[in-house]
Amino acid sequence: GLTDSAAYRFPITKDAVAIQLYEVELYKKLDGMLTVPIPQFIRVYDNPKCIIITRVKGRHVSPDELANLPVKDLRSIIRQLLQFSIELNKIISPTTIKELENTYIGNEAYERPWLDYLSRHLKNARFPEQPWLESLAHTQYAKWLTTITSSTLPKIVVHDELHEANLLFLDHTLSGIIDFGDTTVGTIAQELRQLLRINENAVQIAIEEYQTMTGILIDFEEVATWAITQ
């Protein structure tokens with residue numbers, strides 16, 4: 001439920017409660033620390049469970065709208081996303097994320113982590129009436145597994161769902177990022193995979209800007225493999 005200033009969330013499964021309480025802990029740790037606005041924790045009620053956070057202002061923008069922006073505006077938005085990632089990793093370490101995951105989520109929450117999810121849906125995919133699809137699923141899973149195993153990118157904290165449903169905009173400026181329930185440990189290639197929803201140019205801009213900001217070079221194919229596999 002939404003008001004002008006708050007979002008009321010009513011998780012109805014055990015997994016949903018665990019993930020939202022995990023998310024609350026992240027909001028507490030990140031409160032006031034990031035340049036881009038994110039929700040702030042207000043209160044948790046029991047019976048029924050209700051988690052209240054602040055509502056971030058802005059509107060959702062489709063990938064097509066982003067693709068049609070002037071290049072300078074798209075580049076500015078991508079810089080904001082990259083700055084968010086850098087700031088996030090200055091505030092919270094991968095070790096802290098793992099500790100919070102173990103405390104709140106454990107190993108039983110539905111479809112976590114990626115290795116389990118993709119193994120279930122791709123490696124073990126069976127399509128007897130569509131053998132081409134089964135072959136494609138198995139081949140793509142093998143490519144993804146090889147890619148993540150051989151990746152030289154450092155492990156970082158990733159929001160892991162930086163797509164249009166979780167990004168808010170005012171004019172051509174990123175005004176907020178929401179939904180931290182999937183935040184985990186991964187790589188910057190994993191984090192940037194959602195940019196391929198816009199176009200390949202958005203990914204190339206991100207690669208250029210991230211190298212300028214950090215000195216780390218990202219392989220386009222590694223980003224694309226994450227995006228396509230998901």
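At least 2 residues being among the polar types (S, T, N, Q) and more than 19 Å from residue 62 (Cα to Cα) is the threshold, and among the helices (runs of 4 or more DSSP H) wholly inside the stretch 185-230 those reaching it are 200-214, 220-229. Go over the candidates 123, 143, 155 one by one and state the one that is within 26 Å of residue 86 (Cβ to Cβ), of a type in the set (D, E, K, R) and open to solvent by 70 Å² or more (accessible area, probe 1.4 Å). Matching residue, one of 123, 143, 155: 155. Among the numbered criteria (1) over 21 Å from residue 84 (Cα atoms); (2) under 12 Å from the mean Cα position of the chain (by Cα); (3) aliphatic (A, V, I, L, M), which single criterion is violated by residue 228? Result: residue 228 fails condition (2) only. Taking the criterion of being open to solvent by 40 Å² or more (accessible area, probe 1.4 Å) and either over 22 Å from residue 213 (Cα atoms) or at pLDDT below 95 (or both), the residues of the stretch 31-54 that qualify are 31, 32, 40, 41, 42, 43, 44, 45, 46, 47, 48, 49.
Pull up the stretch 164-178, narrow it to residues that are buried (at least 17 other Cβ atoms within 10 Å of the Cβ) and either in contact (Cβ under 8 Å) with a residue 60 or more places away in the chain or touching a Phe, Trp or Tyr at 6+ places or on another chain (Cβ under 7 Å) (or both), then point me to the one that is nearest to residue 25 (Cα to Cα).
So the first thing to find is which residues in the stretch 164-178 are buried (at least 17 other Cβ atoms within 10 Å of the Cβ), and the list is 164, 166-169, 174, 176-178.
Next, from what is left, pick out any that are either in contact (Cβ under 8 Å) with a residue 60 or more places away in the chain or touching a Phe, Trp or Tyr at 6+ places or on another chain (Cβ under 7 Å) (or both): 164, 167-169, 174, 176-178.
On the way: 164: 24, 167: 20, 168: 22, 169: 25, 174: 23, 176: 18, 177: 16, 178: 14 Å.
Once the filter is applied, the top-ranked residue is 178.
All conditions but one from (1) open to solvent by 30 Å² or more (accessible area, probe 1.4 Å); (2) over 29 Å from residue 209 (Cα atoms) apply to residue 57; the one that does not is (2). Cβ separations smaller than 6 Å between residues 6+ apart or across chains give the following pairs from the stretch 114-127 residues that are farther than 20 Å from residue 193 by Cα to residues that are part of a helix (DSSP H, G or I): 123/141; 125/134; 125/137; 127/133; 127/134.
The values are calculated or read from the model by the stated rules, or taken from the named source; none is laboratory data. All figures in this text were calculated on a predicted structure; none of them were measured in a lab. Neighbour counts run over all protein chains shown; Cβ positions are idealised from the backbone, glycine included. Side chains are part of the model used for accessible areas, which takes the heavy atoms of the whole protein and leaves out ligands, DNA and RNA. Shrake-Rupley method; radii C 1.70, N 1.55, O 1.52, S 1.80 Å.
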